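Novice: Handing you this structure, nothing more for now.
The values are calculated or read from the model by the stated rules, or taken from the named source; none is laboratory data. Being a predicted model, the structure only gives us computed values, none of them experimental. All Cβ positions, glycine included, derive from the backbone under ideal geometry; neighbour counts span all protein chains shown. Areas reflect the complete protein model, heavy atoms only, side chains present, ligands, DNA and RNA absent. Shrake-Rupley method; radii C 1.70, N 1.55, O 1.52, S 1.80 Å.
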Amino acid sequence: MAIRAMYNSSICSADVFQPKMVVPSFSCTFNTQNVRIGHCTKVPRNVNMEKLQHGYLFPEIERQKMMHLKRHPHADVIDLGVGDTTQPLPTTVTASMVDFVHGLSTASGYKGYGPEQGEKALRKAISDSFYKDLGIKPSEVFVSDGAQCDITRLQLLMGPNLKIAVQDPSFPAYIDSSVIIGQAGKFVDKAGKYKNIEYMTCGPQTNFFPDLPSISRTELIFFNSPNNPTGHAATRKQLQQLVDFARVNGSIIIFDSAYAAYITDDSPKSIYEIPGAREVAIEVSSFSKFAGFTGVRLGWTVVPEELLYSNGFPVMHDFNRIMCTCFNGASSIAQAGGLACLSPEGLRAIQSLVDYYMENARMLVDALTSLGLTVYGGKNAPYVWVHFPGSKSWNVFAEILEKTHIITVPGSGFGPGGEGYIRISAFGLRHSIIEASQRLKYLIYQEQN
């Protein structure tokens with residue numbers, strides 16, 4: 001069994017549960033009943049789409065959940081996988097959105113298209129709330145429908161003719177968007193990596209930070225802190241090394257700070273706390289996880305004026321063009337909610353959400369470490385990163401799901417460096433966290449004995 005392998009120091013059986021992309025067989029003629037089932041055009045498929053090795057991780061997790069429920073229709077499934085928030089939005093936030101919606105039904109309150117870059121009041125509130133004393137101007141803040149969408153827009157901005165570096169493990173959208181845009185090159189099955197992507201090992205053996213002198217130069221460096229999935233927040237010293245590395249190599253850092261609100265120690269919450277970062281870094285962030293806006297959809301990207309291409313042209317101008325061409329602006333309703341989040345009352349209410357999820361993380365860490373498991377994260381991010389040495393991640397995922405009805409995420413879904421790990425989300429209801437802790441304790445106890 002996958003979990004038992006950890007205690008026996010043996011590798012899982014050969015029947016590794018590793019889902020691959022399912023490519024349906026299409027016919028341009030007729031099926032066995034002589035019924036036409038499709039029409040082939042003369043348009044070839046995008047070759048970059050063909051290079052994707054599997055379905056995107058989180059829809060695949062949801063598919064596994066649905067299959068499990070089909071097998072066990074009465075199971076009480078606890079979903080600690082995808083990382084969707086569960087606590088209701090603060091009343092002060094929803095009240096602002098409701099008031100805005102009611103205003104849309106009046107002549108004086110109706111608004112149509114807004115600025116593609118976001119409402120001025122929200123851009124200023126983001127600048128004041130998150131970048132006070134860091135020199136970030138409201139004009140450098142671009143409001144969007146979420147960080148993940150902005151990651152793809154940034155890939156579109158930069159184009160296919162460059163190379164990226166990513167943390168390994170890291171959020172899979174960085175790699176998948178690189179594949180789709182045409183940067184990644186061929187997939188090397190043996191290594192589990194794309195040829196033209198630099199994978200920066202960020203495991204416990206490197207203190208969850210890359211050995212930068214061993215990293216080849218790339219034009220873009222995707223860096224997520226606190227990291228999803230490991231939960232590690234880079235220290236000030238580490239981020240200074242990263243900025244210096246980018247400056248020496250003439251690279252641009254795309255810094256994802258979506259979980260910055262969960263940092264509890266003195267780790268930087270923004271790359272712009274580091275001297276020199278304005279000249280080498282773009283920062284992407286989101287209201288999704290700290291404000292519960294996973295369904296509302298609202299985020300932002302900061303592109304400083306000082307960030308220039310090799311020819312001296314400001315990156316900000318091109319990103320503004322991308323936003324104006326590919327995006328009509330974030331929902332005005334969502335922006336009203338975002339502005340309420342950043343009011344004094346809203347910030348206090350949101351902090352209570354953050355505290356709730358971090359207490360969940362503490363409970364999960366305590367439960368798993370009490371069983372002798374090696375556990376990371378849960379201190380500066382609402383994710384718990386659990387090591388099962390000698391086991392394949394998808395096998396551990398499948399065994400936990402089958403025996404406890406708990407959804408987790410296999411670490412290998414975040415890159416080859418995640419093999420042998422499971423990510424558990426603390427974005428659950430408190431009673432679910434308590435129940436999940438008990439089920440996991442019982443399962444591990446059975447395996448140990």
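Novice: How large is ³J(HN,Hα) for each residue in the stretch 61-69, as worked out from phi by the Karplus curve 6.51 cos²θ - 1.76 cosθ + 1.60 (θ = phi - 60°), to whole Hz, x for Gly and Pro?
Specialist: 4, 5, 5, 5, 5, 5, 5, 5, 5
Novice: Could I ask something else about it? Sort 120-131, 254-265, 95-106 by packing, meaning the average of other beta carbons within 10 Å per residue, with the highest value first.
Specialist: On the way: 120-131: 18.7, 254-265: 21.8, 95-106: 13.8.
The most tightly packed comes first, giving 254-265, 120-131, 95-106.
Novice: Hey, another quick one. So how exposed is H54, as accessible area in Å² (1.4 Å probe, rounded to 10)?
Specialist: Result for H54: roughly 70 Å² accessible.
Novice: Of the listed peptides 292-300, 86-94, what is their order by residue-averaged count of other C-beta atoms within 10 Å, with the highest listed first? It would help to have the intermediate numbers written out before the result.
Specialist: Values: 292-300: 20.9, 86-94: 17.6.
Those peptides, ordered most packed to least, come out 292-300, 86-94.
Novice: Here's something else I'd like to know. Enumerate the lysines that K111 could reach by cross-link, defined here as Cα to Cα under 24 Å, with residues fewer than 8 away along the same chain left out.
Specialist: Correct list for K111: K120, K124.
Novice: In Å and whole numbers, how far do the C-alpha atoms of the chain stretch along each principal axis, longest first?
Specialist: 63, 55, 54
Novice: Please identify which residues in the stretch 79-109 have an amide N closer than 12 Å to a label point set 7 Å out from the Cα of S343, following the Cα→Cβ vector.
Specialist: 91-100
Novice: Continuing with this model, one more query. What whole-number value in Å² describes the accessible area per residue of the chain for a 1.4 Å probe? Can you show the working numbers first?
Specialist: Working: 20250 Å² over 449 residues.
Value returned for the chain: 45 Å² of accessible area per residue.
Novice: For I407, list long-range residues whose amide hydrogen, built 1.01 Å from N in the peptide plane, is under 5 Å from its own amide hydrogen.
Specialist: The list, which skips near neighbours in sequence, is I78, D79, L80.
Novice: Run down the aspartates and glutamates and flag those whose C-alpha is under 16 Å from the C-alpha of K163, throwing out any fewer than 8 positions away in its chain.
Specialist: D176, E198, E219
Novice: Another question about this same structure. Give the carbon-plus-sulfur fraction of the accessible surface of the stretch 91-342 in %, rounded to a whole number; probe 1.4 Å, heavy atoms of protein chains only. Write out the running numbers ahead of the final one.
Specialist: Working: 5370 of 10110 Å².
Here carbon and sulfur together make up 53 percent of the probe-accessible area.
Novice: In terms of modelled amide H atoms, which long-range or inter-chain residues lie less than 5 Å from the amide H of H232?
Specialist: N227
Novice: How much of the DSSP bridge set in the chain is antiparallel, in percent, rounded to the nearest 5? Intermediate values should be presented prior to the final figure.
Specialist: On the way: 23 of 42 bridges.
Here the antiparallel bridges make up roughly 55 percent for the chain.
Novice: Suppose accessible area is computed on protein heavy atoms with a 1.4 Å probe; arrange K289, K379, K193, K42 from highest to lowest.
Specialist: On the way: K289 35, K379 125, K193 65, K42 205 Å².
Of K289, K379, K193, K42, the descending order of accessible area is K42, K379, K193, K289.
Novice: What are the ³J(HN,Hα) values, in whole Hz, obtained from phi via the Karplus relation 6.51 cos²θ - 1.76 cosθ + 1.60 with θ = phi - 60°, for each residue of the stretch 427-440 in sequence order, with x given for Gly and Pro?
Specialist: Taking θ as phi minus 60°, the curve returns 7, x, 6, 4, 5, 5, 5, 5, 5, 5, 4, 5, 5, 5 Hz for the stretch 427-440.
Novice: Sticking with this structure for a sec: What does the charge count around K403 come to, taking other residues whose C-beta lies under 10 Å from its C-beta (Lys +1, Arg +1, Asp -1, Glu -1)? Before the final figure, lay out the partial values.
Specialist: Details: positive: R439; negative: E399, E402, E447.
Neighbour charge sum, excluding K403 itself: -2.
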